[in-house]
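> Below is the structure I would like to discuss, written out as structure tokens.
The values are calculated or read from the model by the stated rules, or taken from the named source; none is laboratory data. Just so you know, these numbers come straight off a predicted model, no measurement behind them. Methodologically, a virtual Cβ is constructed for each residue, glycine included, from the backbone with ideal geometry; neighbour enumeration extends over all protein chains shown.
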Protein chains: 2
Amino acid sequence: MILRESALVFAEKGFDGASIRDVSAATGVSVSGLYYYFKSKDELLFLIQHHCFETILHRLREDLSGVDDPEERLRVLVGNHLRFFADNMAEMKVLSHEADVLPDDYRSRVTDQKREYSETVGAALEALVPEAEGVDLRVATFSLFGMMNWIYTWYRPGKDVPVDRLTEQMMHIFLHGLQLPIRASDGQTAVAEPTSIWRNS
Amino acid sequence: MILRESALVFAEKGFDGASIRDVSAATGVSVSGLYYYFKSKDELLFLIQHHCFETILHRLREDLSGVDDPEERLRVLVGNHLRFFADNMAEMKVLSHEADVLPDDYRSRVTDQKREYSETVGAALEALVPEAEGVDLRVATFSLFGMMNWIYTWYRPGKDVPVDRLTEQMMHIFLHGLQLPIRASDGQTAVAEPTSIWRNS
DNA sequence: GCTTCGTTCGAACGCTCGTCCGAACGGTCT
DNA sequence: AGACCGTTCGGACGAGCGTTCGAACGAAGC
């Protein structure tokens, strides 16, 4: 598939750093042949990103349907995200890196997908910690995304822990942390109040 | 300062996407004037990255000296990282994005700095959870880095929570998570064993 | 056999890229 | 005054960029 090969090239050299001729060499399709399939280099990038989000959103809706428990929903979500990431590292690197390179019309369509995705995550989180009024949901959401998305910089499938364990571990960090005892202000150890730092004031 | 203005340009357009003429326009220095200060575009990028790491490493060593408590060391580390990030969003975006664009000789020097930095973090973490043999330190370390580094995609100084609170919140997530009760396998709630998922087998 | 259609390509277009050259500037020394 | 020096610049260089055009292909329909 041309999209996949192109994604590899863009992931390695960056979108601007890779030339159409690089893509041509990698895919075996002539330069003008590429322009038969895509009407511009921008559209090629858009198609990669759009197809990627389409797939991940599709799978997410499928796997989430019928799952009601908030924590379980989050687990499904993280598992899905990490599995897709690990299976499509090149595409996801392109997705993370070249988010704002596209001209407005293309970009807004990808942004819409991205918004739907992160709102799904936000909703799952909100369902999980509804009791904490004034929770800084934004920080929590993006911290989770940060953990997950950053793996394209270090994770090597086959050498690092498998995706299932990665999911477990990140879920654990996010829900329970390293689980050190929390020091109370009187110097003794204590269990944290769930909402201790989650209030906004 | 030329380095700072250049970083802004590179952050906005990407290193390959930005031309020397863009940098010239942003800095007010003529194109050939720039080549009086830097012998190539690559060197300009290198100087930005190198100077950035130099500063952050310098401050880190300063702030860490005399701090012995492992948890406190981690707090200093996270605080430093986030503060520097928030104060130099453009440079840090360039640092994150264009890490592997440089030719080998430049890149290896930046990689050395990066290694020193992440080993400092790794050591702090190891000191914090020494009791857990077979801890997957790698996952923990990069999850923390992910949370922190990802902020360049969403954090807006002045609009989001201040850096101090951000530090607090990320520390809390990383050490204690959202603090939901952990379900034991018999269906009752229970307190997690600190090392529960941190063993490797 | 001839035409049409979807597909593929080599070669060229105009343009922008990173880099370099030679001249010009304002000081400071003799 | 003249010579030198660090600094700055306009303008040019070849290379490579994204994109386009017209020709060539094999298969399908008449």
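> Is it the case, given these coordinates, that B:Ile48 is within 23 Å of B:Asp160 (Cβ to Cβ) and away from DNA strand D (no atom under 14 Å from the Cβ)?
no
> Can you tell me which of (1) surrounded by 13 or more Cβ atoms within 10 Å (Cβ to Cβ); (2) part of a helix (DSSP H, G or I); (3) within 10 Å of DNA strand D (Cβ to nearest atom); (4) not charged (D, E, K, R) is the one A:Ser32 doesn't meet?
Condition (1) is where A:Ser32 drops out.
> If you don't mind, there's one more thing I want to ask. Among the residues of region A:63-75, which ones are surrounded by fewer than 17 Cβ atoms within 10 Å (Cβ to Cβ) and not acidic (Asp, Glu)?
Scanning region A:63-75 gives A:Leu64, A:Ser65, A:Gly66, A:Val67.
> Only one of these conditions is not met by A:Leu144: (1) at pLDDT below 95; (2) not in a loop (DSSP other than H, G, I, E, B). Which number is it?
Among (1) at pLDDT below 95; (2) not in a loop (DSSP other than H, G, I, E, B), A:Leu144 violates only (1).
> Tell me which of these A:Val139 doesn't satisfy, since it passes every other one: (1) away from chain B (no Cβ under 12 Å); (2) crowded, with 18+ Cβ neighbours inside 10 Å; (3) in contact with an Asp or Glu (Cβ under 9 Å, 6 or more places away or on another chain).
With (1) away from chain B (no Cβ under 12 Å); (2) crowded, with 18+ Cβ neighbours inside 10 Å; (3) in contact with an Asp or Glu (Cβ under 9 Å, 6 or more places away or on another chain) applied to A:Val139, the lone miss is (1).
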